Amino acid sequence: MNHLFRELAPITPDTWAMLDDEARTRLSPMLGARKLVDFDGPHGWEHSSTSLGRVGGVVDSPATAVIARSRVVLPLAEVRAEFTLSRSELDAAARGAIDVDLTALDEAAARLATVENSAVFNGWEAAGFGGIIPAIPTATLVREDDPTRFAQQVAAATEQLKRSGIGGPYGIALDSDAWVNVEGGSDSGGTPLIEHLRRILDGPVEWVPGIDGAVVVSLRGGDFVLDVGEDVSLGYAHHTADAVTLYLEETFSFRVATPEAAVAFV
């Protein structure tokens, strides 16, 4: 038995496998931030902090002529999103039903993804994480919804990064409104806007729920690091005669190494 306590749940191994698969299916399109930054891990549940490569001030030592300083670390945040499924639906899954109501799992996955995405791009002061957008030293640009104009703006953003010595390829994170405009927009010749952006960036165009606006980032590596201890996992909390409470859980920290490696639009 491990910290997820899955063995204590009134859930069959096959149903656990179904839930794991459904969770992955739901989370994959929503965890957009991790597709645009360096993913370091997973390092496991016991991994508790990220080394920052720095030390604090000199502290008192029990012996003379001995210098002591504490290493500076960034603690990982332990994030959990609970949800409840009815036992009747879980029993139906065990009997082979293919229309199991997993709405609560959908909602928990969305909440967890929003927290991770927001921590990466907006920062998370309570957890000690600086985000990409607040760290950017250049002015935020006003996003154009017109397909042709937005493609030109993204091209200008990549040119700005290149002038700063920040190489590509590049990617872009989009909030829900920007994603709808990009996915549904096209130029006067009918070419989809998303194809223009992929060609300009030479990289991915990602929907990132939890942010506002759009952010172009360099994918050259080493600029933004998501340090993951336990990757998103399903665990068991408790149950009654009618329902089972489960949770999605992960641990992570985030660091910005090169603030200049991104350009933001609002």
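Quick one: putting +1 on the C-beta of Lys and Arg, -1 on the C-beta of Asp and Glu, what dipole do you get for the chain around its Cα centre, in Debye to the nearest 20?
Numbers: 20 positive and 39 negative charges, 220 e Å.
Dipole of the chain, to the nearest 20 debye: 1060 debye.
Using a/c under 1.5 as the rounded threshold, could you call the chain rounded, prolate or oblate? The axes a ≥ b ≥ c are square roots of the C-alpha gyration tensor eigenvalues, and prolate needs a/b larger than b/c, oblate otherwise.
Working: a/c = 2.85, a/b = 1.13, b/c = 2.54.
Oblate shape, in that a/c is at least 1.5 and b/c is the bigger or equal ratio.
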Computed from the beta carbon distance with a Förster radius of 45 Å, FRET efficiency for Ala68 and Arg220 to the nearest 0.05 stands at 0.75
Total charge of the residues flanking Asp40 in space, meaning their Cβ is under 12 Å from its Cβ, with Lys and Arg +1 and Asp and Glu -1, is -1
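What does the helix-only formula give at 222 nm for the chain: each DSSP H stretch with n ≥ 4 adding -39500 (n - 2.57), the total divided by the residues, and the result rounded to the nearest 500 deg cm²/dmol? Walk me through the numbers before you get to the answer.
Numbers: 7 runs with 85 residues, N = 266.
Helix contribution divided over all residues of the chain: -10000 deg cm²/dmol.
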Taking 0.36 nm per residue of sequence separation and subtracting the Cα-Cα distance, how much length would be gained by fully extending the chain between Asp21 and Ser51, in nm to one decimal? 7.5 nm
Over region 1-137, with the other protein chains present, what is the accessible area per residue in square angstrom, probe 1.4 angstrom? 58
Using a simple spin-label model with points 7 Å from Cα along the Cα→Cβ vector, what separation in nm is obtained for Glu159 and Arg95? 6.5
Tally Lys and Arg at +1 and Asp and Glu at -1 over the other residues with C-beta under 10 Å from the C-beta of Glu89: what net charge comes out? -2
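With an 8 Å Cα cut-off and a minimum separation of 6 or more residues, compute the relative contact order for the chain in percent.
Details: 531 pairs, mean separation 79.3, N = 266.
Rounded, it is 30 percent for the chain.
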In region 132-266, what percent of the accessible surface is made up of carbon and sulfur (1.4 Å probe, ligands and nucleic acids excluded)? 49
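The values are calculated or read from the model by the stated rules, or taken from the named source; none is laboratory data. As the structure is a prediction and not an experimental result, all values here were calculated from the model. All Cβ positions, glycine included, derive from the backbone under ideal geometry; neighbour counts span all protein chains shown. These accessible areas exclude ligands, DNA and RNA; they are computed on the full protein's heavy atoms, side chains included. Shrake-Rupley method; radii C 1.70, N 1.55, O 1.52, S 1.80 Å.
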